[in-house]
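Okay, structure first, notes after.
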Amino acid sequence: MLVARDVTREYRTGGRALTVLEAVSFEIPAGAFVAIVGPSGSGKTTLLGLLAGLDTPTRGTVLLDGVDLGPMSEDARARLRGEKVGFVFQGFQLIPTLTALENVAVPLELRGDPSATDRALGLLERVGLTGRAGHLPAQLSGGEQQRVAVARAFANRPRLLFADEPTGNLDGVTGARIVELLESLNRESASTIILVTHDADLAARAHRIIRLADGRVVSDTTTAAGAAIASTPAVQTAFAG
């Protein structure tokens, strides 16, 4: 689903090159739930932007569902994201003048989906917010706003969802609930989820952890949750096939 090959990102500052990412390589299969972790300044958010096609690497290649993002125009990458990618941000990024229902329906309406309202209602029900559909973001708690953001991210049934510090503005209990929601949606929709976080406990809920330090991958490990899933007969059969 996602391939990074020797991805390097440099910026020019003060007449010299600042390397934020250097020769990052990995592959993420469809349906995976992967956490990218590391200290502040390790390159996590920069990497996320490159994987999503929001930016282009100085060197290296990013393939999203088999498509090389490098040669594509910005408009073409935007269309690809609209078709295959969802986002959940730390700051929620809800439109303040729209209700919860309207926020979730926006990506569907932009595609001209005649069932936008019905699907948005169904997603709000899935995240436990049916009774809050008519409320504006300012009338919702932080956890409720993030659940609306998760529902919106899944509106277009994305094959790939990026979550950038989705629990950073939430308390521990609410943050854990958001990760549980991502887990359940990952199981039910088979969407690939890439979670960027600095929280080791939340990262351990993923199936795999890619750790960055100083712009490089320093470890790439399967978690206990991932090992348990890989050991199930259905998954073994899928891998064998």
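Provide THR117, THR197 in ascending order of the number of other Cβ atoms located within 10 Å of each residue's Cβ, fewest first.
Numbers: THR117 16, THR197 25.
Neighbour counts put them in this order, fewest first: THR117, THR197.
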Next item on the list: When you have a sec, figure out the Kirkwood radius of segment 2-240 from all distinct Cα pair distances and drop it here in Å to one decimal?
Entry: 18.6 Å
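Please arrange MET72, MET1 by counting, for each residue, the other beta carbons lying within 10 Å of its beta carbon, fewest first.
In increasing order of surrounding Cβ atoms, one gets MET72, MET1.
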Item checked: Placed amide H near THR192: partners under 5 Å, 5+ positions off or other chain -> GLY31, LEU160, LEU161
Check: How high is the relative contact order of segment 2-240, given as a whole-number percent (alpha carbon pairs under 8 Å, six or more residues apart)?
Finding: 26 percent
Notebook entry, point to check: When Lys and Arg each count +1 and Asp and Glu each count -1, what net charge do the other residues less than 13 Å away from ASP220, Cβ to Cβ, add up to?
Noted result: +2
Next item on the list: Could you tell me the largest-minus-smallest coordinate of the C-alpha atoms of segment 1-132 on each of the three principal axes, in descending order and whole angstroms?
Entry: 53, 30, 29
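Readers should treat all values here as calculations from the given coordinates under stated rules, not as data from a laboratory. Note that the coordinates shown come from a computational prediction; the quantities given were computed from them, not determined experimentally. Backbone-built Cβ (ideal geometry, glycine too); neighbour counts: all protein chains shown.
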